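Let me begin by presenting the structure, written as structure tokens, before commenting on it.
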Amino acid sequence: MNPRRPAPVYPSDVSAALLKSLQEDHDEDTMRTLYRTYSGELFGFALNCLGDRGLAEELVQDVFTRVWRHADSYDDSRASFRTWLYGIARNAVVDFKRRRAVRPALAVEPAELAEGVGEDSIERALLGWQVATALSRLTPEHQQVIRLAHFQGLRLREIADETGLPLGTVKSRISYALRALRLALEEMGVEP
């Protein structure tokens, strides 16, 4: 997985249509498209929850395996594709932490053994979901720069090179995107 690779930004209805195609045909190209679109931001979510790059990569793979296996359980009348995907990711994080608490790795510190699925990690996961929901309310241009900067860790110059935009445009777009994200979070009752 290459977390620095920019993912195309698809509206949720396009992602839902891709998933519908996956439900009907189990098409590998569709799965690759979904993976390229969402793996970067899911990696950021997993890294935030688990704190380890290797474990985060493993979790992203697990999430997409679950998407592949359970594509037929998606119902667009109940939730957007992104909400469904992050629900799977949250459940995967909880499952991972439970397994880790029951069967800790040999090279862990004693303090880590006492760590379970704590309230703090669940709150972080909830905040991540709220941020993803607020992010989905932004324009595609603003979503793109936020994902590139904050989820994929690109610098302003790298974003400019990646998108072909002038550096000044990237700076102002990120500034406006962060303001819009803050406003969306406030509207949702989340204090940024």
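Worth a mention:
- Residue within the stretch 177-187 that is at pLDDT below 85, surrounded by fewer than 16 Cβ atoms within 10 Å (Cβ to Cβ) and within 19 Å of the chain's Cα centre (by Cα) present: no
- In the stretch 31-88, the residues that are under 23 Å from residue 143 (Cβ atoms), aliphatic (A, V, I, L, M) and part of a helix (DSSP H, G or I): 31, 34, 42, 46, 47, 56, 59, 60, 63, 67, 85, 88
Quick grid of which residues meet (1) modelled with pLDDT of 80 or more; (2) assigned to a helix (DSSP H, G or I); (3) farther than 22 Å from residue 45 by Cβ:
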| site | (1), (2), (3) |
| --- | --- |
| 111 | no, yes, yes |
| 116 | no, no, no |
| 134 | yes, yes, no |
| 148 | yes, yes, no |
| 165 | yes, no, yes |
| 174 | yes, yes, no |
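The values are calculated or read from the model by the stated rules, or taken from the named source; none is laboratory data. In this text, all values refer to a predicted model and were calculated from it rather than measured experimentally. So basically every Cβ, Gly included, is an ideal-geometry build from the backbone, and we count neighbours across all protein chains shown.
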